[in-house]
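Student: Below you'll find the structure I mean.
The values are calculated or read from the model by the stated rules, or taken from the named source; none is laboratory data. Keep in mind it's a predicted model, so treat the numbers as computed, not measured. No Cβ is skipped: glycine too gets one built from the backbone with ideal geometry, and neighbour counts run over all protein chains shown.
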Amino acid sequence: MIKVEHMTKMYGAYPAVIDVSLHIKKGEVVGFLGPNGAGKTTTMRVMTGYTPPSEGNVSIAGYDVISHSLDARRHIGYLPETVPLYLDMEVSDYLRYMGQMRGMNKAWINERLPAVIDVVKLGDYRNSFIQKLSKGYRQRVGIAQAILHEPDILILDEPTIGIDPAQVVETRALIKELGGEHTLILSSHILPEISMICRRVLVIHDGRLVADDEPANLSERLRRTERIEISVRGADSVSDIISSLRDLSMIVDARRDPSVAANRGSVEGVIPLLIDARPDQEATENVARTIVEKGWGLTNMHMIPMSLEEIFLELTTDESLGE
């Protein structure tokens with residue numbers, strides 16, 4: 001559906017994106033993750049035909065974004081970070097105008113307009129001037145114009161930035177629904193947003209694509225240690241458990257973590273702990289054996305996957321991972 005091959009974009013002598021290659025299949029929900037200035041917006045602008053690549057090739061649904069720009073753009077609905085709305089127009093009039101700009105005939109617009117307004121929940125504001133809408137509802141108008149012409153692909157650049165928390169939740173829910181009907185590319189520097197909506201993550205750092213995988217696979221690939229949560233009952237003290245676990249050769253650290261205690265709730269006599277162990281050394285088996293041999297009770301044990309925040313930090317602070 002989307003093919004980017006060795007794409008580089010220069011602004012003068014400054015390389016905003018460097019030799020990026022990626023393929024996105026039909027129906028995929030993909031998150032572009034990276035700090036501000038990493039190259040996310042530039043990559044999306046090249047995909048949409050907003051700006052040409054300096055090097056490399058980009059095609060949408062088989063159409064080159066330069067040589068067949070109009071054909072490529074017909075497949076795309078685009079919500080830029082700053083939505084170009086006409087504030088002195090009513091919502092319905094603006095959407096009709098955008099439909100005409102995209103070559104939609106009157107009958108098609110009349111058919112699509114009520115459905116789109118219903119999807120983005122703008123029914124009470126269809127005749128309101130856009131300038132009177134809150135930032136969150138303006139974002140909805142932006143999403144409405146992006147889906148009006150029934151594109152195959154939705155490209156959304158920081159869609160929740162600058163709106164209040166309640167509207168953030170509503171906008172994320174709307175985007176998640178749209179992901180079931182479109183190939184969806186979502187740009188964000190907000191880690192929970194990507195993890196909630198996207199099944200594939202592209203991490204961009206300093207203009208380079210440093211990771212492309214599912215969050216769970218990234219976690220497994222990058223984990224320098226295995227993290228294990230356990231709960232132990234029957235020990236005389238926390239220090240006894242920690243000392244015994246740290247004596248195991250594969251254990252990097254063992255500690256009582258207040259956040260684990262809070263999440264598990266307060267159970268009398270049960271001590272929750274976090275363990276960091278060297279991977280691939282049968283840590284869980286050795287930990288369980290040690291606890292049983294000490295005569296304690298093991299009431300809980302499970303592996304904790306690496307969080308998206310941890311993955312992001314690993315990828316953007318260790319340059320060797322991007323090589």
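Student: Among the candidates Leu33, Leu95, single out the residue that is under 22 Å from the mean Cα position of the chain (by Cα) and under 24 Å from Ile147 (Cα atoms).
Tutor: On the way: Leu95 fails: under 22 Å from the mean Cα position of the chain (by Cα).
Going through Leu33, Leu95 in turn, the sole match is Leu33.
Student: Sticking with this one: Only residues that are without any contact (Cβ under 8 Å) to a residue 60 or more places away in the chain and among the acidic types (Asp, Glu): list them for the range 76-130, please.
Tutor: The answer is Asp88, Glu90, Asp93, Glu111, Asp118, Asp124.
Student: Say we look at the range 145-170 and pick out the residues that are under 19 Å from the mean Cα position of the chain (by Cα) and of a type in the set (S, T, N, Q); which of these is farthest from Pro114 (Cα to Cα)?
Tutor: If we take residues in the range 145-170 being under 19 Å from the mean Cα position of the chain (by Cα) and of a type in the set (S, T, N, Q), then Thr160 is farthest from Pro114 (Cα to Cα).
Student: In the range 172-197, what count of residues is obtained for those that are under 16 Å from Gly27 (Cα atoms) and crowded, with 17+ Cβ neighbours inside 10 Å?
Tutor: Step one: list which residues in the range 172-197 are under 16 Å from Gly27 (Cα atoms), which gives 175-186, 197.
Add one more test, that the residue is crowded, with 17+ Cβ neighbours inside 10 Å, and what stays is 175, 178-179, 182-186, 197.
So the answer is 9.
Student: Then there's this: What is the number of the single condition among (1) in contact (Cβ under 8 Å) with a residue 40 or more places away in the chain; (2) under 24 Å from Arg45 (Cβ atoms); (3) out of contact with any helix residue (DSSP H, G or I) (no Cβ under 6 Å at 6 or more places or on another chain) that Ile66 does not meet?
Tutor: Answer for Ile66: the failing condition is (1).
Student: Same structure again: In the range 88-103, which residue that is assigned to a loop (DSSP other than H, G, I, E, B) and modelled with pLDDT of 95 or more is surrounded by the fewest Cβ atoms within 10 Å (Cβ to Cβ)? Please lay out each step first, then the result.
Tutor: Within the range 88-103, the first condition is being assigned to a loop (DSSP other than H, G, I, E, B), and the residues that meet it are 88-89, 102-103.
Keeping just the survivors that are modelled with pLDDT of 95 or more gives 88-89.
Details: Asp88: 10, Met89: 17.
That would be Asp88.
Student: Another one. Considering every residue within the range 224-240, establish whether at least one is surrounded by 21 or more Cβ atoms within 10 Å (Cβ to Cβ) and either among the small types (Gly, Ala, Ser) or at positive phi (or both).
Tutor: There is no residue in the range 224-240 that is surrounded by 21 or more Cβ atoms within 10 Å (Cβ to Cβ) and either among the small types (Gly, Ala, Ser) or at positive phi (or both).
Student: Another question about this same structure. Would you list the strands (runs of 3 or more DSSP E) that sit entirely within the range 222-322 and hold 3 or more residues that are over 32 Å from the mean Cα position of the chain (by Cα) and either modelled with pLDDT of 80 or more or not assigned by TED's automatic domain parsing to the domain that holds Ile190 (or both)?
Tutor: Values: elements: 226-233, 251-255, 270-277, 297-303.
Output list reads 226-233, 297-303.
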